Amino acid sequence: MNTSNTPIQAQEFFKFWVDACKQRHATLVQDFSKSPLFTAHILTDTNSIIEIIAKRMELTCYCGYYSIDAILFKDRDDRVPDAPPGTTWIRRIRVAFEHENYFNSGLFQEVSHLLITDCDLRVLVSYPNRDDELKQQLIYLHEIIKGSDRSNQISETASFLFIVDMGTFPSFDWWGYIYKNDDWQKLV
C-alpha cells in the first residue's frame, strides 16, 4: 500500500490489525494477563503487532514519540531532513497509535492525546470487559471528539479508529469503530 500522498484508510488499518493479531495469536493469548509483556507484543517486540502493520502499510514505526505509544510514517518523505544522526524527528505522522490494556482507566486521556496530534489517522485499541462498558465509553468518547474543533474533519476523513476486543478469553474478537459526527460507524 503506497501512502505517500493518500490519507491512511481506517478500514485498511483495521484489517491489518486483525491479520497481525491472528499471526501472533498464540503469543498474545499466552501473555494476555501479563500487561507489560502483552503490551510489548503489541508495541516493542521484534515483529510486534504495530511493526507488522507498519510493514504491510510500507511505513516505518517508532515507539514513544512525544509520549504517543507509536507513530507510523513514510521514512523518506516524513523524516526531517538533515536531523542529527541517531535521532528521529518527523514532519508528518501518518498514524498515531495508542494502546490501553485497562479499558476503565481513563480512555479520555488517550483520546485527548490523539485529538491534539496532527496526523492522518488516530487509532486507539483497548479491551472492555462487558458490552455495557463499551456502550458507555462509545457515548463518552464520541462526546469528547464531537466537542473538538476537528470533529467535522475527523468525521469526513474517517481519521479516528477505535478498536476493541470483545472476545471471550482465549479468543480475540476485534470490533472496529470509525468516528462519524452522528455516531460511531462499526466496521464489519
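The values are calculated or read from the model by the stated rules, or taken from the named source; none is laboratory data. Remember, predicted model here, so these are calculated numbers, not experimental data. Here Cβ is always computed from backbone atoms with ideal geometry, including for glycine, and neighbour counts include all displayed protein chains.
Tabulated values for the structure
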{"item": "Test for Val111: is it part of a helix (DSSP H, G or I), among the β-branched types (Val, Ile, Thr) and crowded, with 20+ Cβ neighbours inside 10 Å", "result": "yes"}
{"item": "Residue check, Lys34 surrounded by fewer than 16 Cβ atoms within 10 Å (Cβ to Cβ) and at pLDDT 95 or above", "result": "no"}
{"item": "Pairs, first closer than 17 Å to Glu100 by Cβ in region 50-78, second among the polar types (S, T, N, Q), C-beta under 6 Å, six or more apart", "result": "Cys63/Thr44"}
{"item": "Some residue of region 74-92 being outside any helix (DSSP H, G or I) and either within 30 Å of Asn129 (Cβ to Cβ) or in contact with a His (Cβ under 9 Å, 6 or more places away or on another chain) (or both)", "result": "no"}
{"item": "Leu141 over 25 Å from Ile71 (Cβ atoms) and surrounded by 15 or more Cβ atoms within 10 Å (Cβ to Cβ)", "result": "no"}
{"item": "Any hit, region 14-22, residues being outside any helix (DSSP H, G or I), buried (at least 18 other Cβ atoms within 10 Å of the Cβ) and not aliphatic (A, V, I, L, M)", "result": "no"}
{"item": "The lone exception for Phe162 - which of (1) buried (at least 17 other Cβ atoms within 10 Å of the Cβ); (2) not in a strand (DSSP E or B); (3) not hydroxyl-bearing (Ser, Thr, Tyr) it fails", "result": "(2)"}
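Residues are listed down the side, and each one gets a yes or a no for (1) at pLDDT below 95; (2) farther than 19 Å from Phe32 by Cα; (3) in contact with an Asp or Glu (Cβ under 6 Å, 6 or more places away or on another chain):
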site: Glu100; (1), (2), (3): no, no, yes
site: Glu110; (1), (2), (3): no, yes, yes
site: Ile116; (1), (2), (3): no, yes, no
site: Lys135; (1), (2), (3): no, yes, no
site: Glu143; (1), (2), (3): no, yes, no
site: Gly147; (1), (2), (3): no, yes, no
site: Phe160; (1), (2), (3): no, yes, no
site: Phe169; (1), (2), (3): yes, no, no
